[in-house]
Amino acid sequence: MTSNIWPATLHHLRRDSPEPERLARFYAELLGDRMERLEDETWRISGRDRELLVGRGEAGAVPYYALALRDGAHLERVRTALVRHGVALERSPTPLFAEGAFAVSDPDGRRVAFGLPRMVKVPGAGPAARLQHFVCASAQAERMLEFYRDVLGMMESDRVMENSGLAAVFLRSDPEHHSFAAFRAPQSRADHHCYETSSWNDIRDWGDRMAGLRIPLWWGPGRHGPGNNLFFMIEDPEGHKVEFSAELERMTEDAAYRTWPHEQRTLNLWGSAWMRS
């Protein structure tokens, strides 16, 4: 099976907050990145291989995230495929993509933008770690799987099952194990976003940075089953989780998905796990 979306990479996402400047300053200090005000109380935090927008809105929310495509022909191919599926195309919500970008809404109402970056990334002073994936919790995990796999064209990498029920699903839009995942939960919400590093030593260095900033590790270090990556997580001031990862599994476009049991060891091979349901 081939995918029109392949390869697409997570370029940036938007975090909303009732206090956007305060949250933007937290992320700028966390990552060691440049912070600048755009318009309408939107802040851009930009660094080496990572972009983040922070705007005014509901605490903890991620109203959209944005996937960068290879070129104009790729963008048009994705647009055409979505129109054929009968998907309503929306105006792009992001200032970081060039003209021609567009968005669609997933079953939870979160927008996914597609486009080509137009703003040059500015190197930051923090350690290397590129923005790599976004994860949500959803009260309709099966509908999310159908939309992201069958409509958007992402490839399913792993699913977590509790008896016959879907507890989590991981999907990729490029060779890395997942650029998006959804966990079953009583309420739909943003779950976390992740920065991928190059090695265990980088995880150590980011952990030391957290110590210097007096930010406690919320979960980890550990190793996930799906993705096989090393990780730890922290919380931002509104409880949204931020993950730092290394050694994320790589898969071919046509690799079949695997199935895992819904248990703590699946989510952390080394010990206890954050169970969303």
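Taking 0.36 nm per residue of sequence separation and subtracting the Cα-Cα distance, how much length would be gained by fully extending the chain between Val83 and Arg204, in nm to one decimal?
39.0 nm
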Subject >> Average projected area [Cα convex hull, segment 162-212], square nanometres >> reply: 5.8 nm²
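Report the charge-dipole magnitude of the chain in Debye, nearest 20, computed about the Cα centre from +1 at each Lys and Arg Cβ and -1 at each Asp and Glu Cβ.
That gives a dipole near 100 debye.
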Original post:
Which percent, nearest 5, of DSSP beta bridges in segment 48-138 are antiparallel?
Top reply: 60 percent
Original post:
Tell me, what does the Kirkwood hydrodynamic radius of segment 1-160 come to in angstroms if you use every pair of distinct C-alpha atoms?
Top reply: 16.5 Å
Original post:
Gaussian network model of the chain, Cα springs within a sub-10 Å range: biggest mean-square fluctuation belongs to which of Glu41, Glu247, Glu156?
Top reply: Glu41
Original post:
Beyond 17 Å, what percent of the Cα pairs of segment 70-192 remain?
Top reply: 63 percent
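Please compute the per residue accessible area over the chain with all protein chains in place, 1.4 Å probe, rounded to a whole number of Å².
For the chain, the per-residue accessible area is 42 Å².
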Subject >> Antiparallel DSSP beta bridges within the chain, as percent of all bridges there, nearest 5 >> reply: 65 percent
Original post:
Does a label point 7 Å from the Cα of Thr252, set along Cα-to-beta-carbon, have any residues of segment 157-196 with amide nitrogen under 16 Å, and which are they?
Top reply: 157, 174-177
Original post:
Dipole size in debye (nearest 20) for segment 1-109 around its Cα centre, Lys and Arg Cβ +1, Asp and Glu Cβ -1?
Top reply: 300 debye
Original post:
Tell me, what ³J(HN,Hα) does each residue in segment 62-70 have, in order and in whole Hz, if you take phi through Karplus 6.51 cos²θ - 1.76 cosθ + 1.60 with θ = phi - 60° and put x for Gly and Pro?
Top reply: 10, x, 7, 9, 10, 9, 8, 9, 6
**OP:** In whole Å, largest first, what are the principal axis extents of the Cα atoms in the chain?
**Re:** 50, 45, 32
Original post:
Ranked by accessible surface with a 1.4 Å probe, highest first, in what order do Arg189, Arg276, Arg184 come?
Top reply: Arg189, Arg184, Arg276
Original post:
Taking Cα pairs under 8 Å and at least six residues apart, what relative contact order does segment 39-109 come out at, in percent?
Top reply: 17 percent
Original post:
Magnitude of the Cβ-charge dipole of segment 59-165, K/R +1 and D/E -1, about the Cα centre, nearest 20 debye?
Top reply: 420 debye
Subject >> Probe 1.4 Å - accessible area at Glu36, Å² to nearest ten >> reply: 50 Å²
Original post:
Taking the chain as a Gaussian network, Cα atoms linked when under 10 Å apart, which of Pro221, Pro63, Pro186 shows the biggest mean-square fluctuation?
Top reply: Pro186
Original post:
Rounded, prolate or oblate: which one fits segment 190-243, using the alpha carbon gyration tensor with axes a ≥ b ≥ c (rounded when a/c is under 1.5, else prolate when a/b beats b/c, else oblate)?
Top reply: oblate
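The values are calculated or read from the model by the stated rules, or taken from the named source; none is laboratory data. None of these values were measured; they are calculated from a predicted model. Quick reminder, even Gly has a Cβ in these numbers, built from the backbone with ideal geometry, and neighbours come from all protein chains shown. When the accessible area is computed, the model is the full protein with side chains, heavy atoms only, and any ligands, DNA or RNA have been set aside. Shrake-Rupley method; radii C 1.70, N 1.55, O 1.52, S 1.80 Å.
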